[in-house]
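Let me begin by presenting the structure, written as structure tokens, before commenting on it.
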Amino acid sequence: MQTFGKGMLYFLALSIAGYALVAYSFFPLGSLTHPDLAANFQIHPIGIYVHIFASVVALAIGPFQFSARFREKYINIHRWLGRLYLGIGVLFGGVAGLYMSWFAFGGAITKFGFGALAILWLFTGLQAFLAISKGAVEEHRKWMVRNFSLTFAAVTLRIYLPFSAGFGIAFEAAYPIIAWLCWIPNLIFAELLFNRSKRKTDNNRRNA
């Protein structure tokens, strides 16, 4: 199950990163999204392009950073990828995402949902950077788990949208809810499953 979960993580993250790269590189802006979103994207092309391409960097790099085998074998590559992840993916993607949240389709609920996501993405990225800067590896790992759970909102968003449409829920009704649903469960799941389970494992080792 653990291997399956890791495999799905890589598959989903890299698939959505690849889809976004192709959709926003080779197709007219907004042509593969809902018409209400497309109109907004076309008004703010720089903001959406910066957000998308920076986020692709974070989404594509993120899964590899959690591989213990990769870290042990290629520690210098791990560090450089971490700089790219935080310095380009999260920083540029988060700032552009915060900017675009003010123009999000769906009213105040949607704007605050995506705005909160962008702020927390930037905040957890900053905490991860500060932790590793002072050599607090375990604290850095916990903040990176939280941060990537927010990065993964790019995946869950694209799962919930067609899922809601399949159940006949109108886009204008579903989108404000998905603006929150795409990241809050991710953050809770990451905290409970990964950070808490790792803490229990460490405590068991110390008591052994």
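A few remarks follow.
- Annotation for segment 61-81: at least one member residue is in contact (Cβ under 8 Å) with a residue 40 or more places away in the chain and under 13 Å from the mean Cα position of the chain (by Cα).
- Looking only at segment 57-114, and only at residues there that are part of a helix (DSSP H, G or I) and among the hydroxyl-bearing types (Ser, Thr, Tyr), the one that is farthest from Pro176 (Cα to Cα): Tyr85
- As a summary of the residue check, Leu29 satisfies the conditions (1) without any contact (Cβ under 8 Å) to a residue 40 or more places away in the chain; (2) of a type in the set (A, V, I, L, M, F, W, C); (3) part of a helix (DSSP H, G or I) except for the one numbered (3).
- Annotation: Ala38 fulfils all but one of (1) touching a Lys or Arg at 6+ places or on another chain (Cβ under 9 Å); (2) more than 22 Å from Ala128 (Cβ to Cβ); (3) among the aliphatic types (A, V, I, L, M); the unmet one is (1).
- Residue selected from segment 143-184 under the condition of a type in the set (Ser, Thr, Tyr) and either crowded, with 22+ Cβ neighbours inside 10 Å or touching a strand residue (DSSP E or B) at 6+ places or on another chain (Cβ under 9 Å) (or both), by the criterion nearest to Gly97 (Cα to Cα): Thr151
- Residues that are over 16 Å from Arg83 (Cβ atoms) and in contact with a Leu (Cβ under 6 Å, 6 or more places away or on another chain) within segment 121-137 comprise just one, Trp121.
- Some residue of segment 152-163 being farther than 27 Å from Phe4 by Cβ, within 17 Å of the chain's Cα centre (by Cα) and part of a helix (DSSP H, G or I): no
- Selected residue (only one of Ile52, Ile109, Ile61 is more than 19 Å from Tyr24 (Cβ to Cβ), of a type outside the set (D, E, K, R) and at pLDDT 95 or above): Ile109
- For Tyr24, the requirement of being touching a helix residue (DSSP H, G or I) at 6+ places or on another chain (Cβ under 6 Å), of a type outside the set (Val, Ile, Thr) and within 22 Å of Ser149 (Cβ to Cβ) is not met.
The values are calculated or read from the model by the stated rules, or taken from the named source; none is laboratory data. Source: prediction; values computed, not measured. Glycine gets a Cβ as well: all are built from the backbone with ideal geometry, and neighbour counts include every protein chain shown.
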